[in-house]
Amino acid sequence: LLTYSRGGFLGLGIVAAFCVLKIKKKLFVFLSAILFLIIGIRLAGPPVIERMNTIKTYEQDESAMGRREAWKAGLKMMAEHPLVGVGLDNFRYSAMLYNPEKVHNERVAHNAYIHVGAEAGIPALLIYILLITFSMRDLCRLRKKFRSNKDEWKYYYHPD
């Protein structure tokens, strides 16, 4: 909330909903979540609330539309340079070339996958995705391995 990030706010809401679904004492958690929400809104103040209300009207927000146009530029970069991309740290220079009418001053894609694919190419993007996928798989395996002994500190490092 304090970063004014609408995406972070939506992500927080989704994660909170999943946490409520996973916990056995749903009524307690639900009431706690409502209390937390009321206190959070009260403490956040009008500027944060105004920013979160722009989620509904993102088409009118210059920041949101700039990100969408940067994504379009990044996808064009991947299409034109699928094997090696435009080069590391070149998104900032290339974005305006690939979407000149819409992209102004975008230094990053605001999307890690598009950024990696645009700068390093689709093979590097696949390696990036595989790195994340295999890391998550290994964490799940470790979780299963230590599930029988919940006193082990390793059990608590990855949620179900």
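So here's what we get for this one:
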| read-out | value |
| --- | --- |
| Filter result for residue 116 (over 21 Å from the mean Cα position of the chain (by Cα) and β-branched (Val, Ile, Thr)) | no |
| Segment 55-94: number of residues that are assigned to a loop (DSSP other than H, G, I, E, B) and touching a residue at least 40 places away in the same chain (Cβ under 8 Å) | 4 |
| Selection within segment 1-49 - open to solvent by less than 100 Å² (accessible area, probe 1.4 Å), within 25 Å of residue 64 (Cα to Cα) and outside any helix (DSSP H, G or I) | 1, 4, 5, 45 |
| Selection within segment 50-66 - hydroxyl-bearing (Ser, Thr, Tyr) and open to solvent by less than 80 Å² (accessible area, probe 1.4 Å) | 54, 57, 63 |
| Subset tally (residues that are under 22 Å from the mean Cα position of the chain (by Cα) and of a type in the set (A, V, I, L, M, F, W, C)) for segment 74-102 | 6 |
| Residue check, residue 110 modelled with pLDDT of 80 or more, part of a loop (DSSP other than H, G, I, E, B) and open to solvent by 30 Å² or more (accessible area, probe 1.4 Å) | yes |
| Of all residues making up segment 67-80, the number that are open to solvent by 60 Å² or more (accessible area, probe 1.4 Å) and either aliphatic (A, V, I, L, M) or farther than 24 Å from residue 5 by Cα (or both) | 4 |
| Positions within segment 81-101 being more than 27 Å from residue 6 (Cα to Cα) and hydrophobic (A, V, I, L, M, F, W, C), in sequence order | 83, 84, 86, 88, 97 |
| Yes/no for residue 135 being in a helix (DSSP H, G or I) and within 27 Å of residue 69 (Cβ to Cβ) | no |
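The values are calculated or read from the model by the stated rules, or taken from the named source; none is laboratory data. For clarity, every value in this text was computed on a predicted model and none was experimentally measured. For neighbour counting, all protein chains shown are included, and Cβ atoms are generated from backbone atoms with ideal geometry for every residue, glycine included. Surface accessibility is based on the protein's heavy atoms, side chains included, excluding ligands, DNA and RNA. Shrake-Rupley method; radii C 1.70, N 1.55, O 1.52, S 1.80 Å.
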